[in-house]
1. For every helix of n ≥ 4 consecutive DSSP H residues, a contribution of -39,500 (n - 2.57) applies; sum these over chain A, divide by its total residues, and give [θ] at 222 nm rounded to the nearest 500 deg cm²/dmol.
2. Mind checking region A:47-123 for trypsin sites (Lys or Arg not before Pro) that DSSP puts in a loop (not H, G, I, E or B) and that have at most 12 other Cβ atoms within 10 Å?
3. Please turn the phi angles of region B:16-25 into ³J(HN,Hα) values with the Karplus equation 6.51 cos²θ - 1.76 cosθ + 1.60 (θ = phi - 60°), one per residue in order, whole Hz, x for glycine and proline.
4. For B:ASN70, place a label point 7 Å out from Cα along the Cα→Cβ vector, do the same in each other copy, and report the separations in nm, one decimal, smallest first.
5. So what's the gap between the Cα centers of region A:165-194 and region B:46-95, to the nearest angstrom?
6. State which stretch of chain A is the longest one without any exposed GluC sites (Glu not before Pro), exposure meaning a DSSP loop state and at most 12 other Cβ atoms within 10 Å.
7. Rolling a 1.4 angstrom probe over the protein heavy atoms, how many square angstrom per residue are accessible across region B:28-104?
8. Count, for each residue of B:72-82, the Cβ atoms from other chains sitting within 10 Å of its Cβ, then give me the mean as a whole number.
Number of protein chains: 2
Amino acid sequence: MTSFNSEERELLHRILRARRDIRHFRPDPVPEDMLARILEAAHYAPSVGFKQPWNFILIRSMEVRSQIKNLFEEANKEELEKLSGDERSDLYSRLKLEGIMESPLNLAVTCDRDRDAPFHLGQGQMPEMDLYSTCLAVQNLWLAARVEGIGVGWVSIIDPEKTAKILGLPNHIQLVAYLCVGYPIEFKDRPMLEEAGWKSRLNLADLVYEDRWGQPAK
Amino acid sequence: MTSFNSEERELLHRILRARRDIRHFRPDPVPEDMLARILEAAHYAPSVGFKQPWNFILIRSMEVRSQIKNLFEEANKEELEKLSGDERSDLYSRLKLEGIMESPLNLAVTCDRDRDAPFHLGQGQMPEMDLYSTCLAVQNLWLAARVEGIGVGWVSIIDPEKTAKILGLPNHIQLVAYLCVGYPIEFKDRPMLEEAGWKSRLNLADLVYEDRWGQPAK
């Protein structure tokens, strides 16, 4: 039975802390062996009912990416309008929130809602569990990319239905994550939004309760 | 800028592969310093808009856990009925799908849907992004537990609304994961559902497409 020593434990924590959401990329391609390891890590994620509900669409086509980029521009304009009159409007407009065209690879991670139908083990009470499993795969992928020196950025400011249409997703396939992947300009020490002054890291102790909501942990 | 060598990369992959969904626990308590490191790892997960939408409820009370266990029994009975006449019914009834009472600690991970309201950066088009962020925290937690030799099992066969009531969750707080945490009897080489013959690991290459759904990757 595999066990890990304290140095190995420390290394995992270093990886977890060194991971960043990346929006500034170098154009160099992601080597194929690296990409294979990154996808393999995703595939080793836990999944409800061992369903492995994910698929991965590698988007190299500049034509497809330019359509997605248009979706981002459209959606981000709507978002900025929501901040009209808000003092954070200027800051928001300066944030770089995607790297769709600059990154060498885009990657859509989807969830097959019909996989293993009709009996969905573990989803009778929480039907969203397959979507959650797909998120766990994304986190594995993100960490595996980090140890390769590859950055990942999650783009959520796109209309998922229009994205699904561009990617030709059947109705039962749901987009979970649209990722930009490639060598980053740099891995910063802190999250970009923290550095930019958008929001600070919360104090973990304030987020932990015992036995029921609101009851401080001993 | 932190970089990782090939040995460190291999170690991450060993951790990812050694992680299991655990349902058989030893009663020994989880040491407090380990628990602190595990929660800290969760808190270092990426989150949409750096929102950190999660809370952690440590459930030590046997009374609370026995109520949750009742929810499981109730829900699992319904699930088994769905398999009536299905050849997998017997196999399903023999699966151990939770360790609520045996594990020394239960842990509810929740998502605050109102955190940072009214402007939810990155959620205008995908409002579920805060739930997804919370899942990423669960995967960090799961991996950090694994390197400590601590097992985690995700219990999804419980009614989330009844669970929320037991835990006193306000309306804007959504249960994402109900976890059992503790030293496992063992970490098996393969997922329990694979070993039990419920389902095999899929072939990763079959799950990868290029540029659009269904188009084989080069």
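1. Details: 7 runs with 83 residues, N = 218.
That comes out to -12000 deg cm²/dmol.
2. Numbers: sites: A:LYS51, A:ARG60, A:ARG65, A:LYS69, A:LYS77, A:LYS82, A:ARG88, A:ARG94, A:LYS96, A:ARG113, A:ARG115; in loops: A:LYS51, A:ARG60, A:ARG88, A:LYS96, A:ARG113, A:ARG115.
Passing sites in region A:47-123 are A:LYS96.
3. 4, 7, 8, 5, 9, 8, 9, 10, 10, 10
4. So the label point of B:ASN70 gives 5.8 nm to the other copies.
5. If we compute the Cα centre of each part, the gap is 30 Å.
6. Working: sites that count: A:GLU87, A:GLU186.
Looking at chain A, A:88-185 is the longest stretch - no exposed GluC sites (Glu not before Pro) with at most 12 other Cβ atoms within 10 Å.
7. Values: 3310 Å² over 77 residues.
Ligands and nucleic acids excluded, the figure is 43 Å² per residue.
8. Numbers: counts 1, 0, 1, 3, 2, 0, 2, 7, 0, 1, 4.
Mean shielding count: 2.
The values are calculated or read from the model by the stated rules, or taken from the named source; none is laboratory data. This one's a predicted model, so the numbers in the text were calculated from it and none came from an experiment. Virtual Cβ from ideal backbone geometry, glycine too; neighbours counted across all protein chains shown. SASA here: full protein model, heavy atoms, side chains in, ligands and nucleic acids out. Shrake-Rupley method; radii C 1.70, N 1.55, O 1.52, S 1.80 Å.
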